[in-house]
Each structure stands twice: as C-alpha cells, then as structure tokens.
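The values are calculated or read from the model by the stated rules, or taken from the named source; none is laboratory data. None of the values given here were measured: they were computed from a predicted structure. Ideal geometry is used to build each Cβ from the backbone, glycine not excepted, and the neighbour counts take in all protein chains shown. These area figures cover heavy atoms from the full protein model, side chains too; ligands, DNA and RNA do not enter into them. Shrake-Rupley method; radii C 1.70, N 1.55, O 1.52, S 1.80 Å.
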Amino acid sequence: MPANTKRGPYAKGVARRAQILAAALEAYATSGPQGPSLRSIADSVNLTEAGVLHYFDSKDELLVEILAARDKADLDAFDVSTVDGVWALFEHAAATPGLVKLLLDMTAASTSPGHPAHAFMVGRARDFIELAGKLLGDHDPWKGRMLLAAAEGLQAQWLRDPSIDMMADIKRLYEMLDGPAD
C-alpha cells in the first residue's frame, strides 16, 4: 500500500466502537443527574478508560457521539412531525436525568468554537428551531429560539429542583407562542 494512502477502519474496530457507544448511551440513560463515570462505562465493555478512548478522539467526542446516538434513537422512536409526538419525546427525555445533564454540559461546552460539541449543537439548535416553526405553523425563528432557550433553562432548573414541572412550563410557553400574534 502506498505510504500516503490511509486505511479505513477495521470491521472489529467499528463494531467495538459501536459496542462502547451503546454501553455509554445506556449508562447515561439509566444514571442519575451525576451521570456515569468513564470507568463504569469501560468496565461494562471490559476495557480500561484508555481502551475506551482509543476508539474516540477524546472523551468529549465520545460524549457528543452519545448525544448523537440518543437523538437518532429518539427520532426513530417518536413522531416529531406532530405536537403529541414531541411531547412524548420530551416526557421520555425527562426520565433520563443523566442524558439531560450531559446535554446541558455539552450545550455549555459548545459555546467554544473549537470544542467537539460546537458543530453538533449548532446543527441541533438549527433543527430544533426549524421543527418548532413547522409545529407552530409560523417560521418565525424567534419563537423557536425562545422555546429552545426555555427548554434548556428549564432542564437546568429541573436538575437543581426536580419538583419543577418542566413539561407543564414548556407546554404553557408553546401555547402562548402558538396563539395570535400581537
């Protein structure tokens, strides 16, 4: 093989990476708001922490990949083309405080353009705002941004105080935004 030709990933490596990602997603989905440790994820796939990170460019890349896998699974499981489907997705997300905390951590980290979460979170926000416009029947991006800001803020408040009914609050805001324009 010529020296300047890069070889593709080996099938075993791709499979092992997928196994690690599945285990990490499950660990975050079933954890409390503190999230699992990298060690517990590594233990679940019979690797060391360094062994887990061998399959990812960094721990942050692994964390972003967990969120991407969660989003893909959620889009496969919930019909987000309907308001009821979106509410079902939000209720499901509220049952996974470890993933909520991870999302908030990566949201904060993504404010740095060089962070591995930056491009992912920019795209995710764009998709959320577009979806909100479709559901509201009004493509005013301000409304989508307000819903996203409220959802992110309510998730942070809920992690601090689980008695907060973030579903009721976000539904109330949605109804207000869906009403007649002033």
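Just name the residue that is farthest from Glu91 (Cα to Cα) out of those in the stretch 163-180 that are of a type in the set (A, V, I, L, M) and buried (at least 16 other Cβ atoms within 10 Å of the Cβ).
Filtering the stretch 163-180 for residues that are of a type in the set (A, V, I, L, M) and buried (at least 16 other Cβ atoms within 10 Å of the Cβ), the one farthest from Glu91 (Cα to Cα) comes out as Leu177.
Go through the stretch 137-162 residue by residue and tally those that are farther than 22 Å from Asp105 by Cβ and surrounded by fewer than 17 Cβ atoms within 10 Å (Cβ to Cβ).
So the count comes out to 6.
Could you identify the single residue in His115, His92 that is in contact with a helix residue (DSSP H, G or I) (Cβ under 9 Å, 6 or more places away or on another chain) and within 18 Å of Asp60 (Cβ to Cβ)?
On the way: His92 fails: within 18 Å of Asp60 (Cβ to Cβ).
On inspection, the qualifying residue turns out to be His115.
Residue by residue, here is whether (1) part of a helix (DSSP H, G or I); (2) among the small types (Gly, Ala, Ser); (3) under 22 Å from Leu63 (Cβ atoms) holds:
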{"site": "Ala151", "(1), (2), (3)": "yes, yes, yes"}
{"site": "Leu154", "(1), (2), (3)": "yes, no, yes"}
{"site": "Trp158", "(1), (2), (3)": "yes, no, yes"}
{"site": "Pro162", "(1), (2), (3)": "no, no, no"}
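Could you identify the single residue in Ala22, Ala42, Ala95 that is within 25 Å of Pro162 (Cβ to Cβ) and either surrounded by fewer than 19 Cβ atoms within 10 Å (Cβ to Cβ) or modelled with pLDDT of 95 or more (or both)?
On the way: Ala22 fails: within 25 Å of Pro162 (Cβ to Cβ); Ala42 fails: within 25 Å of Pro162 (Cβ to Cβ).
Only one candidate qualifies: Ala95.
Give just the number: which of (1) surrounded by 14 or more Cβ atoms within 10 Å (Cβ to Cβ); (2) closer than 26 Å to Thr30 by Cα; (3) touching a Gly at 6+ places or on another chain (Cβ under 9 Å) does Ala132 not satisfy?
(2)
Being open to solvent by less than 50 Å² (accessible area, probe 1.4 Å) and either basic (Lys, Arg) or in contact (Cβ under 8 Å) with a residue 40 or more places away in the chain (or both) is the filter; apply it to the stretch 74-83 and report the residue that is farthest from Val100 (Cα to Cα).
Val83
If we scan the stretch 100-107, do we find a residue that is more than 23 Å from Asp79 (Cβ to Cβ), open to solvent by 60 Å² or more (accessible area, probe 1.4 Å) and of a type in the set (S, T, N, Q)? Spell out the reasoning first.
Step one: filter the stretch 100-107 for residues more than 23 Å from Asp79 (Cβ to Cβ), giving 101-102, 104-107.
Narrowing further to those that are open to solvent by 60 Å² or more (accessible area, probe 1.4 Å): 101, 105.
Next, from what is left, pick out any that are of a type in the set (S, T, N, Q): none.
There is no residue in the stretch 100-107 that is more than 23 Å from Asp79 (Cβ to Cβ), open to solvent by 60 Å² or more (accessible area, probe 1.4 Å) and of a type in the set (S, T, N, Q).
Can you confirm whether Leu53 is touching an Asp or Glu at 6+ places or on another chain (Cβ under 7 Å) and either open to solvent by less than 60 Å² (accessible area, probe 1.4 Å) or under 22 Å from Arg17 (Cβ atoms) (or both)? Give the steps one after another, and end with the answer.
Details: touching an Asp or Glu at 6+ places or on another chain (Cβ under 7 Å): no; either open to solvent by less than 60 Å² (accessible area, probe 1.4 Å) or under 22 Å from Arg17 (Cβ atoms) (or both): yes.
Judged against the criteria, Leu53 is not a match.
Condition test on Glu65, is it within 20 Å of Leu131 (Cβ to Cβ) and either among the hydroxyl-bearing types (Ser, Thr, Tyr) or open to solvent by 50 Å² or more (accessible area, probe 1.4 Å) (or both)?
no
So is Leu47 surrounded by 18 or more Cβ atoms within 10 Å (Cβ to Cβ), modelled with pLDDT of 95 or more and out of contact with any helix residue (DSSP H, G or I) (no Cβ under 6 Å at 6 or more places or on another chain) or not? Working first, answer last.
Numbers: surrounded by 18 or more Cβ atoms within 10 Å (Cβ to Cβ): yes; modelled with pLDDT of 95 or more: yes; out of contact with any helix residue (DSSP H, G or I) (no Cβ under 6 Å at 6 or more places or on another chain): yes.
So Leu47 fits the description; yes.
Identify, by number, the condition in (1) under 13 Å from Leu21 (Cβ atoms); (2) free of Cβ contacts under 8 Å to residues at least 12 places away in the same chain that Glu65 doesn't meet.
(2)
Evaluate the stretch 3-15: report whether one residue or more is among the charged types (D, E, K, R), under 18 Å from the mean Cα position of the chain (by Cα) and either closer than 25 Å to His115 by Cβ or open to solvent by 30 Å² or more (accessible area, probe 1.4 Å) (or both).
Looking only at the stretch 3-15, we keep the residues that are among the charged types (D, E, K, R), and these are 6-7, 12.
Adding the requirement that they be under 18 Å from the mean Cα position of the chain (by Cα) leaves none.
No, every residue in the stretch 3-15 fails to be among the charged types (D, E, K, R), under 18 Å from the mean Cα position of the chain (by Cα) and either closer than 25 Å to His115 by Cβ or open to solvent by 30 Å² or more (accessible area, probe 1.4 Å) (or both).
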